[in-house]
Every structure is written in structure tokens, then in C-alpha cells.
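Asks: Before I ask anything, let me first share the structure, which is written out below as C-alpha cells.
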Amino acid sequence: MSGYIPTPLRRLITIEALVSVHYFEYAKNYVFEGEKHDFWELLYVDKGEVEVMADDRGYRLTQGEIIFHKPGEFHNVFANGVVAPNLVVAAFVCRSPDMVYFEKKVLMAGADERELLARIIHEARDAFSSPLDDPRTLQLERASSSAFAAEQMVGQLLEQLLIRLVRRGAEPVKNLKVSSSIKRRSDHDLVERIKGYMEERLETGLTFPEVCRYSAQSATNLKTLFKSVTGMGVMEYYRKMKIDAAKTMLREGRGNVTQIADQLGYASVHYFSRHFKQATGMTPSEYTQSIQAK
């Protein structure tokens, strides 16, 4: 018996799974409308600059800066219309309690971190056949042949990157004030997406919780944001869209009142007529007669 006792290694930051690795070369007017998900994501500005929203915080990121989005954090990114950016984006599963260090942080990458990011992209190109510049990639496809343990290297390089940033105790990039112009732009774009979603659902019906899920916003945030942009509540605006659609259909003679009520998903023609009169001051029949009289 040798007497040697192995010491299990303490692994404080472990990448459990890789969701995506991207290297994007975007046009100067690129807009990513936003999402949230249950894993971590980092965005590194390799060239140029971008504007980012992270929940209710707005930032302008320049070359060499990294922002981290924690699980459940809504985020989007815009090119500024002047400079065409190059971005590294990596999404991964890591449940380490030490990841709290990266919450609400934007850090400056040093020479070592930049080298690690370059190696991550190099190994990912070898390990996976999925194109690294396609934002629609939902799952990485393993390459039919690659260097030994290439995907493991991607995970280990990511772990090194995170460990180095924590060890360095990097100060967050200073003067990252919330930009009201970025937030207004982000809010406006989100509301326009929601309007498009509502338009698609005029005939099938829609509930407020469904809009919340689509927009990846809490009920409180969505109510506040939508009213600040439109001056109306979410479902109030949806009902107005239905009435506007009904008025167009009546003017164009696309069915009688009963048919239009059915096409717009109303439970009954009586409910439709009551709703229409509340909104316009006239019944559908009276509205049609007024149009014909004109």
C-alpha cells in the first residue's frame, strides 16, 4: 500500500454545455430585436461598437469590451448606424455560484482574454459544422472530423476566460450610463414587434399573458413600456386594432356583420356589435350606412 491519497480537484467554474458560439460581421445598421433564455451569454466587441439593452439598462460598448447576460435577462443589440461591428457571442450553461461575479458587468478584455477568445473561435470552427455567422442556429452540429477533443477545448478555454476575469478582479468599465436614446429605440422596436404579433392574431384571439410570453417581459414591465410608447394599454390597443380591421372590412364589403365578427374571433355578433359601438359610437350597420351615404 503506497499511502498516497488522491485529492479531488475543486472545480469552481464548470461549463456544463455549450449552446452556441458565433463570430458575426454585421452591417452598420444591424438590429437584433432581443430575447431571454435560461443560460449565460457573453458578447465581446472585436471591432467597432454596439448599443446593448440588458433588462432596463442601456450601454454603448466599444472595441475590447465584454458584456455578460445572466439567465433570464432580456437583452438585445444594435449597430449604431455608423460603424459596422464584429462580435463574438458565446452562450453556455454554467450553474456555478461564482458566476454571480459577472452579473450586470461590462469588462475590458486584456491581451490574454483576447487570445482566449480567438482560440475559442478557432476550436469551435474545427469542432462544429454549424456556421458561426448564422444567428438562426439553434443547435450546434458536430463536425464529421475534427482535432482530438476540439469541443472539450472550447469548454476549457471558456472556463479559462471566466477564471482569468475573476482572478484579475477587473473593475467594470466605467461611465456606462443608461442611455435614454438606446432605451427609447429598444422600447420602440419591441412595441413594433408586438404590434406585428397582434396583427397576426386578429382572427385567432389573444390574451395578455400570451403577449407577455412573446415579448419576454414581465406583466408590469410590458404594461409600462407599451403605454409609454403608444399611450394605450396592451389589450386596449389590441381591441382598437380589431375595430380598425372591422371598419376596413365593412368599407370593402368583405362579408356581413356576422361573418366579420366570426373572422375577427368574436364570441358572438352581439359582443362584436357592442364592442364596435363602444369604440365608434355607432353599430356596425350604422357605420356601413354612414360610409354609403358619404
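Coordinate-derived values only; no laboratory data. Note that this is a predicted model, so its numbers are computed, not measured. Positions of Cβ are generated from backbone atoms using ideal geometry, with glycine treated the same way; all protein chains shown enter the neighbour counts.
Asks: Using alpha carbons only, what's the Rg to Rh ratio of the stretch 1-47 with Rh from Kirkwood? Please list the in-between numbers first.
Replies: Values: Rg = 20.3 Å, Rh = 15.8 Å.
Across the stretch 1-47, the Cα-based Rg/Rh ratio is 1.28.
Asks: Over 10 Å intervals from 0, what percent of Cα-Cα pairs in the stretch 17-168 sits in each interval?
Replies: 11, 43, 38, 8, 0
Asks: Also, quick follow-up: Could you pull out the GluC sites (Glu not before Pro) across the stretch 107-156 that fall in loop regions by DSSP (anything but H, G, I, E, B) with no more than 16 other Cβ atoms inside 10 Å? Write out the running numbers ahead of the final one.
Replies: Numbers: sites: Glu113, Glu115, Glu123, Glu141, Glu151; in loops: Glu141.
Answer by residue number: Glu141.
Asks: What Kirkwood hydrodynamic radius do you get for the chain when you take the inverse of the mean 1/r over all pairs of distinct Cα atoms, in Å? Working shown, then result.
Replies: Numbers: mean 1/r = 0.0444 Å⁻¹.
About 22.5 Å for the chain.
Asks: Could you tell me the center-to-center distance, by alpha carbons, between the stretch 217-256 and the stretch 140-165 in angstrom?
Replies: When both Cα centres are located, 48 Å separates them.
Asks: Counting other C-beta atoms within 10 Å, and keeping those with at most 13, which DSSP coil trypsin sites (Lys or Arg not before Pro) do you find in the stretch 1-82?
Replies: On the way: sites: Arg10, Arg11, Lys28, Lys36, Lys47, Arg57, Arg60; in loops: Arg10, Arg11, Lys28, Lys36.
Filter output for the stretch 1-82: Arg10, Arg11, Lys28.
Asks: Right, next: Nearest 500 deg cm²/dmol is fine: what mean residue ellipticity at 222 nm does the chain get from its DSSP H runs of n ≥ 4 alone, each adding -39,500 (n - 2.57), divided by its residue count?
Replies: Numbers: 9 runs with 124 residues, N = 294.
So the helix-based figure for the chain works out to -13500 deg cm²/dmol.
Asks: Counting other C-beta atoms within 10 Å, and keeping those with at most 15, which DSSP coil trypsin sites (Lys or Arg not before Pro) do you find in the stretch 190-225? Walk me through the intermediate numbers first.
Replies: Working: sites: Arg193, Lys195, Arg201, Arg213, Lys223; in loops: Arg201.
Qualifying residues, ordered by number: none.
Asks: How high is the FRET efficiency between Arg193 and Ser145 when r is their beta carbon distance and R₀ equals 51 Å, given to the nearest 0.05? Don't jump to the answer; show the numbers that get you there.
Replies: Working: r = 41 Å, r/R0 = 0.80.
Efficiency, from the Cβ-Cβ distance: 0.80.
Asks: Tell me, what HN-Hα J-couplings in whole Hz come from the Karplus equation 6.51 cos²θ - 1.76 cosθ + 1.60 at θ = phi - 60° for each residue of the stretch 218-234, using x for Gly and Pro?
Replies: 5, 4, 5, 4, 5, 4, 5, 5, 5, 5, 5, 8, 9, x, 9, x, 4
Asks: Determine the equivalent ellipsoid of the stretch 180-293 by diagonalising the alpha-carbon gyration tensor, then write out the semi-axes as square roots of 5 times the eigenvalues, largest first, rounded to whole Å.
Replies: Details: eigenvalues 182, 41, 27 Å².
Whole-Å semi-axes of the equivalent ellipsoid: 30, 14, 12.
Asks: So, one more: Using every pair of alpha-carbon atoms in the stretch 23-73, split the distances into 10 Å bins beginning at 0 and state the percent of pairs per bin, rounded to integers.
Replies: 22, 59, 19
Asks: Percent relative contact order of the chain, based on C-alpha pairs within less than 8 angstrom and at least six residues apart?
Replies: Values: 448 pairs, mean separation 49.5, N = 294.
Relative contact order, the chain: 17 percent.
Asks: I need to check one value: relative contact order of the stretch 17-168, counting alpha carbon pairs closer than 8 Å and at least 6 residues apart, in percent.
Replies: On the way: 307 pairs, mean separation 42.9, N = 152.
Value for the stretch 17-168: 28 percent.
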